[in-house]
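The values are calculated or read from the model by the stated rules, or taken from the named source; none is laboratory data. Fair warning: this is a prediction, and the values are worked out from it, not measured in the lab. Note that we place each Cβ from the backbone using ideal geometry, even for glycine, and neighbour counts take in every protein chain shown.
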Amino acid sequence: MNPIDSALKLIEILATIAFALTGIIEARKKKMDLIGVYMVSMVTAFGGGTVRDMCIQHYPLFWIRNDEYPIGLLALCVCSMLVATQRTWNTVWMVRLLGVLDAFGLGLFCATGVQYALQAHCGMFVSVLMGVITATFGGVIRDVLCNEIPNVFKPTELYATCAFVGAASQVACLNIGMSDITALVVATGIAAFIRILAMFYDITLPKPLS
Amino acid sequence: MNPIDSALKLIEILATIAFALTGIIEARKKKMDLIGVYMVSMVTAFGGGTVRDMCIQHYPLFWIRNDEYPIGLLALCVCSMLVATQRTWNTVWMVRLLGVLDAFGLGLFCATGVQYALQAHCGMFVSVLMGVITATFGGVIRDVLCNEIPNVFKPTELYATCAFVGAASQVACLNIGMSDITALVVATGIAAFIRILAMFYDITLPKPLS
Amino acid sequence: MNPIDSALKLIEILATIAFALTGIIEARKKKMDLIGVYMVSMVTAFGGGTVRDMCIQHYPLFWIRNDEYPIGLLALCVCSMLVATQRTWNTVWMVRLLGVLDAFGLGLFCATGVQYALQAHCGMFVSVLMGVITATFGGVIRDVLCNEIPNVFKPTELYATCAFVGAASQVACLNIGMSDITALVVATGIAAFIRILAMFYDITLPKPLS
């Protein structure tokens, strides 16, 4: 494994954990039990990729092929319920750390979504959409299961928009002849960078007429 | 393209816009931002067909194959957020116009759903169900994302029932030997006609015991 | 058909009815009309298996291949709305009867889910998950459509956990060389037994830190 692949693998693992933790935190707020927490964390971490794969018939699903991921998440849920109280996740540094990891996950999951969609011969615009779906639909299903309006649809700081911009730059990079892996790294970086900016400076989309 | 095909294509485009607009209106009520509005409008317009296609393995999905549809919807969302206030959609003639277009969409989407299901060798009853699912599940997912009980399940004026009757007449027409296209036109007309009647005369299903 | 197959078929039919009835009861509480009640009962009875089949590409879907099931459910919905008031389902013996049938459904649907997943070359842990998903996701989608937090995720008496234990024992039985059918019967029995115990003695998972 060359250094770039190793770095991407590491980001993938950390970002999956960050995504799963947002599910765990949300599920705990709703007083769910271990099974509920586990299901919600699974859905948050793998839901976006699963919806994408069902749309473009990319089988077998990632988490079925790599069962160390669901097994690892179960361990994560059990540990988090044994050691962490609600307050643990609310400390300033924890919120920031999770936010930054989540931003890299947003970028990377989006970029891999674009790549799979292009491989499945989707058009450029649809591939960008597939990137956005991969990065955001896990959170959408999490919020639906927790009986909330999906956070990503609300006028909070940019989230799906960062994925959109990252995915669009990836397609642009590929069109000017960059290699797959370079475009993926660029897209991940751009999406994560904008997301982190948006998080720290409270950047939102302009308000519509009402 | 012969006149019937052109007419059906025109109905399809107008009805897709009407479906998308019901999503846009609902999402705006919930104060979603552009991304939220776009996702909800996509889901409303393409959700029913996507669920059907995933059930009968009819790939590639319609909106992936025809990416002018998602691109057009994005333009529609941007325009509607720039020019239209909430009040625009509440004027009497707009509600009626959207209602009538939506009724034709209900009929046409239902009828194409039945056709695809029969082609995929589903039984007659299941094909009728697939028609109903095609016509109604976009709205169901829209309401779930907006954190509401699906409107179509509530005892308001007939909606899914119109699709059911249309789909059933289509299967009946095919059984007495009509051509595919005639049966499709008949089914679309019947479903749209009943829906428009129900809308203007407030017709509902009989109340159950409670 | 040998006696075991006949017994399993009978359990399957009774359990499908029990699952559908939990959907009917929930939908009636929300004042849905016939279409709503029918859709929710369908989703409760077939939703778990459908999600599993979409995950492991097991086509055609059960209820599409066997259309006597959706037809039967329509009859069940119509009858239940004609003859039964809300109170009918709340009598002590009815709650118990439905609970016991539901417990056997939980066990059987879970065990068939495990079997299909193993046939589709899923790993052991993922197969156990697929069993749990088969047994519980119908109820999850039912609760989402009724705009509630999924009951199975709440800290009530053991439900998904029973499926988990049943599925795990099934995989264990297969690993020590039992035949498919014996393992399936054992798993169904174990899951149903624990569920019935949990129901009558109010057994829940231990509470997490809060």
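What's the number of the only condition in (1) closer than 17 Å to B:Ile194 by Cβ; (2) of a type outside the set (Asp, Glu); (3) more than 9 Å from every other protein chain (Cβ to nearest Cβ) that B:Thr136 fails to meet?
(3) is the only condition that B:Thr136 fails.
Considering only the stretch C:79-90, state which residues are modelled with pLDDT under 80 and polar (S, T, N, Q).
Taking the stretch C:79-90 and keeping what is modelled with pLDDT under 80, we get C:84-90.
Matches in the stretch C:79-90: C:Thr85, C:Gln86, C:Thr88, C:Asn90.
Would you mind finding the one in C:Arg96, C:Arg28, C:Arg65 that is at pLDDT below 95, of a type in the set (Lys, Arg) and within 23 Å of B:Cys55 (Cβ to Cβ)?
Checking each option against the conditions leaves just C:Arg65.
Any idea which of (1) within 12 Å of chain C (Cβ to nearest Cβ); (2) in contact with a helix residue (DSSP H, G or I) (Cβ under 6 Å, 6 or more places away or on another chain); (3) free of Cβ contacts under 8 Å to residues at least 24 places away in the same chain is the one B:Cys173 doesn't satisfy?
So B:Cys173 meets the others, but not (1).
In this structure, does A:Ala111 turn out to be crowded, with 23+ Cβ neighbours inside 10 Å, under 12 Å from the mean Cα position of the chain (by Cα) and away from chain B (no Cβ under 14 Å)? Spell out the reasoning first.
Numbers: crowded, with 23+ Cβ neighbours inside 10 Å: yes; under 12 Å from the mean Cα position of the chain (by Cα): yes; away from chain B (no Cβ under 14 Å): yes.
It is true that A:Ala111 is crowded, with 23+ Cβ neighbours inside 10 Å, under 12 Å from the mean Cα position of the chain (by Cα) and away from chain B (no Cβ under 14 Å).
For the stretch B:154-167, enumerate the residues that are more than 15 Å from the chain's Cα centre (by Cα) and either buried (at least 20 other Cβ atoms within 10 Å of the Cβ) or assigned to a loop (DSSP other than H, G, I, E, B) (or both).
Within the stretch B:154-167, the first condition is being more than 15 Å from the chain's Cα centre (by Cα), and the residues that meet it are B:154-157.
Result: B:Lys154, B:Pro155, B:Thr156.
From C:Ser41, C:Ser80, which residue is closer than 13 Å to C:Ala20 by Cβ, surrounded by 23 or more Cβ atoms within 10 Å (Cβ to Cβ), out of contact with any Asp or Glu (no Cβ under 8 Å at 6 or more places or on another chain) and among the polar types (S, T, N, Q)?
Details: C:Ser80 fails: surrounded by 23 or more Cβ atoms within 10 Å (Cβ to Cβ).
Answer to the check: C:Ser41.
Scan the stretch B:179-195 and tell me whether some residue there is part of a loop (DSSP other than H, G, I, E, B), surrounded by fewer than 20 Cβ atoms within 10 Å (Cβ to Cβ) and more than 18 Å from the chain's Cα centre (by Cα).
Pass one, the stretch B:179-195, residues part of a loop (DSSP other than H, G, I, E, B): B:179.
Next, from what is left, pick out any that are surrounded by fewer than 20 Cβ atoms within 10 Å (Cβ to Cβ): B:179.
With the extra rule that they be more than 18 Å from the chain's Cα centre (by Cα), the set shrinks to B:179.
Within the stretch B:179-195, one or more residues are part of a loop (DSSP other than H, G, I, E, B), surrounded by fewer than 20 Cβ atoms within 10 Å (Cβ to Cβ) and more than 18 Å from the chain's Cα centre (by Cα).
Picking from A:Gly72, A:Gly36, A:Gly48, which residue would you name as being of a type outside the set (Val, Ile, Thr), touching a helix residue (DSSP H, G or I) at 6+ places or on another chain (Cβ under 7 Å) and without any contact (Cβ under 8 Å) to a residue 60 or more places away in the chain? So that I can check it myself, show each step before the final result.
Working: A:Gly72 fails: touching a helix residue (DSSP H, G or I) at 6+ places or on another chain (Cβ under 7 Å); A:Gly48 fails: without any contact (Cβ under 8 Å) to a residue 60 or more places away in the chain.
Matching residue, one of A:Gly72, A:Gly36, A:Gly48: A:Gly36.
Given (1) more than 9 Å from chain B (Cβ to nearest Cβ); (2) touching a Cys at 6+ places or on another chain (Cβ under 7 Å); (3) without any contact (Cβ under 8 Å) to a residue 24 or more places away in the chain, identify the lone condition not met by C:Thr91.
Only one criterion is unmet by C:Thr91, namely (2).
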